[in-house]
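**Q** Pasting in a structure now, in structure tokens, and then I'll have a few things to ask.
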Amino acid sequence: MPDIFDIYRDEFRARVLGGRPRAILEVGSGDGAFLKTVQGEAGRLCGLDPSADSVARLKGDGFEAVQGSAETLPFQDGEFDVVVFSFTPHHIADWTAALGEAMRVSRNGVEIMDVWYDDTVADQRTAHDFDRWLKTIDRRTGMVHLDTLSPAELIAPMIARRDVTYDYVCRRIAAPQSIDETMRLGAEYLAKAGEDAELKRAFDDIVARAHRDGMTDEGCIQMTIEKRR
Ligand SMILES: C[S@@+](CC[C@H](N)C(=O)[O-])C[C@H]1O[C@@H](n2cnc3c(N)ncnc32)[C@H](O)[C@@H]1O
């Protein structure tokens, strides 16, 4: 059985390659999990990431890679056919600046994939609250780790522009999330947070709801933002 993220990545790959791009930039490329899915499919593939280690590893794997930040891209206007964000928007402090820059350096537009929860379903609300709980602790270490962006929040910086269209799908494979794994990760994060009583109470509530309502893996949103010609 493939990992759910492999399935989401396969779907996203098809979405990105649909317009037959010749030059693709991925912003927040990490160790290249997305770029490797499109290797050999475009004349130019470039990754950008703030992490020097990730950039070095990508270069070692034969990719063009640049160290930098989404909010100020070191590229010319329209230098790429498409700019991709794969599981990165919730790591970016200034999404408005990042999307503006991505639109500037892309000729056709931007493709986004990120985590999404279906908050209409009890088992997803529990999973979403656990995700928020983990991120609260990550942020105490100085990491930018934000709540997942809703479709409205993702498109908000472009909403006043008449030269832009967008569409999106929210996809979810309804797989149960292991309560044992939740307990293990929760204990690890509580130790990291120094056994904070308020966080412990919030975690106990999440575990109680997981037993009562179940808890399921995250889904993903895939959004295309296109420049109208
Ligand atoms: C969850 S990883 C995703 C990696 C890869 N895109 C993937 O699909 O697996 C998020 C990445 O965003 C990068 N990142 C964090 N802040 C960023 C910023 N301001 N601009 C660009 N990338 C950023 C991190 O270094 C990390 O590599």
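**Q** Using bins 10 angstrom wide from zero, how does P(r) for the stretch 4-227 break down, in % of all Cα pairs?
**A** Histogramming the stretch 4-227 at 10 Å steps yields 8, 30, 34, 21, 7, 0 percent.
**Q** So, one more: What is the packing order of peptides 167-176, 66-75, taking the mean over residues of other C-beta atoms within 10 Å and listing the highest first?
**A** In descending order of packing, they fall as 66-75, 167-176.
**Q** If I fit a long axis through the Cα atoms of helix 122-140 and take the longest principal axis of the Cα atoms of the chain, what angle between them do I get, 0 to 90°, rounded to 10?
**A** Taking the Cα atoms of the chain, the angle to 122-140 is about 80 degrees.
**Q** Positive end of the charge dipole of the chain (Lys, Arg +1 and Asp, Glu -1 on Cβ, about the Cα centre): tell me which of LEU146, GLY32, SER106 has its Cα farthest that way.
**A** SER106
**Q** Okay, moving on. Under 17 Å between alpha carbons, and skipping anything fewer than 8 positions from LYS59 in its own chain: which lysines qualify?
**A** LYS36
**Q** Within the P(r) computed for the stretch 55-100, what percentage of the Cα pairs occupies the region above 18 Å? Let's see the in-between values first.
**A** Working: 383 of 1035 pairs.
In whole percent, the share of Cα-Cα pairs in the stretch 55-100 beyond 18 Å is 37.
**Q** Cα convex hull of the stretch 110-175: mean projected area in nm², to one decimal? Could you put the intermediate results ahead of the total?
**A** On the way: hull surface 23.6 nm².
The orientation-averaged projected area of the Cα hull of the stretch 110-175 comes to 5.9 nm².
**Q** Moving on. Using alpha-carbon pairs under 8 Å, 6+ residues apart, how would you state the relative contact order of the stretch 4-227 in percent? Mind dumping the intermediate values first?
**A** On the way: 386 pairs, mean separation 45.4, N = 224.
Reported relative contact order: 20 percent.
**Q** To make sure I understand the rule: partners must be aspartates and glutamates, Cα under 20 Å from the Cα of LYS192, and not fewer than 8 residues away in the same chain. Which ones qualify?
**A** ASP129, ASP131, ASP138, ASP147, ASP180, GLU181, ASP204, ASP205
**Q** Whole-Hz ³J(HN,Hα) for each residue in the stretch 204-218, computed from phi via Karplus 6.51 cos²θ - 1.76 cosθ + 1.60 with θ = phi - 60°, x for glycine and proline: what do you get?
**A** Each residue of the stretch 204-218 in turn: 4, 5, 4, 5, 4, 5, 5, 5, 6, 9, x, 8, 10, 4, 5 Hz.
**Q** How big is the shadow of the Cα convex hull of the stretch 1-93, averaged over all directions, in nm²? Please list the in-between numbers first.
**A** On the way: hull surface 25.4 nm².
Approximately 6.3 nm², given one-decimal rounding.
**Q** Moving on. Subtract the Cα-Cα distance of LEU17 and GLN76 from 0.36 nm times their separation in residues, and report this length gain in nm to one decimal. Each step should come with its number before you reach the end.
**A** Values: separation 59, 0.36 × 59 = 21.24 nm, distance 2.20 nm.
Value of the extension gain: 19.0 nm.
**Q** For the stretch 157-207 and the stretch 1-78, write down the distance between their C-alpha centroids in whole Å.
**A** Cα centres, the stretch 157-207 to the stretch 1-78: 24 Å.
**Q** Another one. So what's the angle, to the nearest 10 degrees on a 0 to 90 scale, between helix 179-192 and the longest Cα principal axis of the chain?
**A** 90
A short reminder: the numbers here are calculations on the coordinates, not readings from a lab. Because the structure is a prediction, the values reported are computed rather than measured. Heads up, the Cβs are rebuilt from the backbone with ideal geometry, glycines too, and the neighbour counts pull from every protein chain shown.
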